[in-house]
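K.L.:
Below are the structure tokens for one structure; questions will follow.
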Amino acid sequence: MLKRMIALLLTLTLMGGLFGTTATTVSAAGYPLPEGVTVHAPAAILVSLAGDPENDVVLYEKEADMVHAPGSMMRYMVLAYALTCVKEQGLSLDRTLGTYTSDLFNNYVAGTGVPTVNMNFGETWTLRDLLAVSFMQSASDAVTVLATTISGNVPDFIEGMNQLAKEIGCDYSHFSNLTGLDSLGQYTTTRDMYRIVRYCQSFSEFESLAVAYQVKVKPKSGGDTRTIVSANGLLQPSSTYRYSPIVHSRTGLSEHEGRACASVARDSGYEYLVVVMGCPEKNKKGETNLHYLDTIALMKWGFSRFEYRTILGKSEILGTLPVKLNWSTDHVNLVPAKEVSTVVDANLPMEQIIRKITIFEESVEAPLKRGTVYGKVELIINVDQKIGEMDLVASEDLDSHWVLVVWSGVSDFFSSGWFWGGLGLLVALLVAYIILNIVHNRRRRQQRMRRINRN
């Protein structure tokens with residue numbers, strides 16, 4: 001029954017999101033999976049990460065806006081909001097301390113069944129250790145102390161997470177707890193998880209907190225030093241699922257929807273993000289840990305099949321625009337505002353990239369400045385999949401010539417409605433004057449003839 005209720009709410013939430021605010025998305029190429037690559041997850045996304053999010057490219061997506069339960073993968077969101085508060089409140093990662101209490105245990109840890117790192121009551125940790133452990137393990141005790149240290153209590157911290165999620169464009173996400181347990185109010189999508197991970201990466205401290213396979217924690221008081229080890233098979237050196245290019249990763253388990261995983265891998269100057277959600281326990285072959293298999297398969301496809309390529313040069317002439325009032329030329333060339341480079345299929349021939357050009361004006365008048373936008377070019381593959389877009393701008397400065405300006409003014413005047421209206425009025429007045437003059441002269445002659453007849 002709970003599973004059905006969760007599925008119904010998630011569906012209704014998605015439908016509501018479709019009629020709400022549309023989040024900004026990255027460029028999408030949408031390549032089909034090649035032969036031999038299988039994705040078991042019902043929802044997945046593969047994104048090539050660029051120097052800034054605006055230039056990221058979605059290379060593959062499967063139901064990327066369908067909501068699912070994230071499990072503990074939502075700890076990316078915990079870190080995102082925590083680091084935001086650290087920055088805004090001016091907190092110190094090494095001097096700000098949090099203390100584990102019996103109240104926190106009774107209200108948020110006891111009875112949940114979520115693992116802990118066995119913090120003792122009164123044990124005091126730095127924010128840095130709380131952040132690292134909260135991300136690395138499910139650790140319900142550490143994440144609860146983290147939330148209360150930053151926001152004063154757990155509900156306010158969760159409310160802050162939801163506000164931040166909306167701010168960064170996660171229209172299909174909501175969080176109701178820190179543990180990752182299934183709840184009607186705890187859901188997200190693979191596309192929203194991409195946004196959350198990308199936001200985390202904007203903090204310089206993030207990778208030092210998230211990339212470690214293990215961390216040594218030394219409480220400031222009340223406890224002994226301990227070593228915390230990640231249970232993520234993608235990171236464990238002895239795991240058969242170890243994938244060395246991965247720099248940070250977080251898994252999640254939903255009792256009702258299966259396993260999830262969000263990961264970022266980096267190799268040879270390329271960086272890819274993969275998020276999979278809802279992976280079943282086994283496939284038809286009896287293989288398990290399908291969230292690992294899906295992640296590795298998509299990562300390997302990205303690294304082996306795609307390359308960063310310049311697909312549009314800055315100096316390429318893509319159109320012309322008629323120009324008036326310049327003595328030396330009657331047109332200006334339109335070129336891209338800047339070079340367009342992106343990640344594309346390494347086997348994609350350049351001639352298969354369609355350039356759809358739109359020019360906004362039929363003609364322009366000088367003077368005009370180099371770099372002024374007069375159109376755009378859309379770069380398309382597979383008929384309707386846009387992989388890039390760039391403004392088209394004037395390639396040079398063009399001045400107006402005074403003779404042509406004067407002649408244009410005169411021509412405009414003589415062709416204007418005012419001129420013809422005025423001319424018509426003048427003709428009408430002249431005709432009226434002639435008629436009145438004729439009538440007046442006729443009356444004068446008649447009066448003269450009457451005087452002659454009387455005499």
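The values are calculated or read from the model by the stated rules, or taken from the named source; none is laboratory data. A quick note: this is a predicted structure, and the numbers were derived from the prediction, not measured. Neighbour counts run over all protein chains shown; Cβ positions are idealised from the backbone, glycine included. We work out accessible area using only protein heavy atoms, side chains counted, and drop any ligands, DNA or RNA first. Shrake-Rupley method; radii C 1.70, N 1.55, O 1.52, S 1.80 Å.
K.L.:
Got at least one residue in region 21-40 being at pLDDT 90 or above, in a helix (DSSP H, G or I) and buried (at least 16 other Cβ atoms within 10 Å of the Cβ)?
P.N.:
no
K.L.:
Here is a follow-up. Pick from L127, L59, L97: which is buried (at least 21 other Cβ atoms within 10 Å of the Cβ) and closer than 25 Å to V229 by Cβ?
P.N.:
Among L127, L59, L97, only L127 is buried (at least 21 other Cβ atoms within 10 Å of the Cβ) and closer than 25 Å to V229 by Cβ.
K.L.:
In the list V383, V335, V344, which residue meets the criterion of being among the hydrophobic types (A, V, I, L, M, F, W, C) and on the phi > 0 side of the Ramachandran plot? Write out each step before concluding.
P.N.:
Details: V335 fails: on the phi > 0 side of the Ramachandran plot; V344 fails: on the phi > 0 side of the Ramachandran plot.
The unique qualifying residue is V383.
K.L.:
Of all residues in region 118-161, how many are hydroxyl-bearing (S, T, Y) and more than 19 Å from M73 (Cα to Cα)?
P.N.:
Of the residues in that region, 5 qualify.
K.L.:
Let me ask something additional. Filter region 356-403 down to residues that are open to solvent by less than 90 Å² (accessible area, probe 1.4 Å) and of a type in the set (K, R) and give me whichever is nearest to the chain's Cα centre (by Cα).
P.N.:
K386
K.L.:
Looking only at region 41-60, which residues are assigned to a strand (DSSP E or B) and touching an Asp or Glu at 6+ places or on another chain (Cβ under 7 Å)?
P.N.:
Answer for region 41-60, where residues must be assigned to a strand (DSSP E or B) and touching an Asp or Glu at 6+ places or on another chain (Cβ under 7 Å): A43, A44, I45, V47, S48.
K.L.:
The conditions are (1) out of contact with any Gly (no Cβ under 6 Å at 6 or more places or on another chain); (2) closer than 17 Å to G30 by Cα; (3) of a type outside the set (A, V, I, L, M, F, W, C); (4) open to solvent by less than 80 Å² (accessible area, probe 1.4 Å), and T342 fails exactly one of them. Which is it?
P.N.:
(1)
Results for (1) touching a strand residue (DSSP E or B) at 6+ places or on another chain (Cβ under 9 Å); (2) closer than 13 Å to Y76 by Cα; (3) open to solvent by 10 Å² or more (accessible area, probe 1.4 Å); (4) not in a loop (DSSP other than H, G, I, E, B), shown as yes or no for each residue.
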residue	(1), (2), (3), (4)
A165	yes, yes, no, yes
D171	no, no, yes, no
G185	yes, no, yes, no
M193	yes, yes, no, yes
V197	yes, yes, no, yes
D224	no, no, yes, no
S238	no, no, yes, no
Y243	yes, no, yes, no
T251	yes, yes, yes, yes
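K.L.:
For region 102-124, how many residues meet the condition of being aliphatic (A, V, I, L, M) and either in contact with a strand residue (DSSP E or B) (Cβ under 9 Å, 6 or more places away or on another chain) or closer than 19 Å to D224 by Cβ (or both)?
P.N.:
Qualifying residue count for the region: 2.
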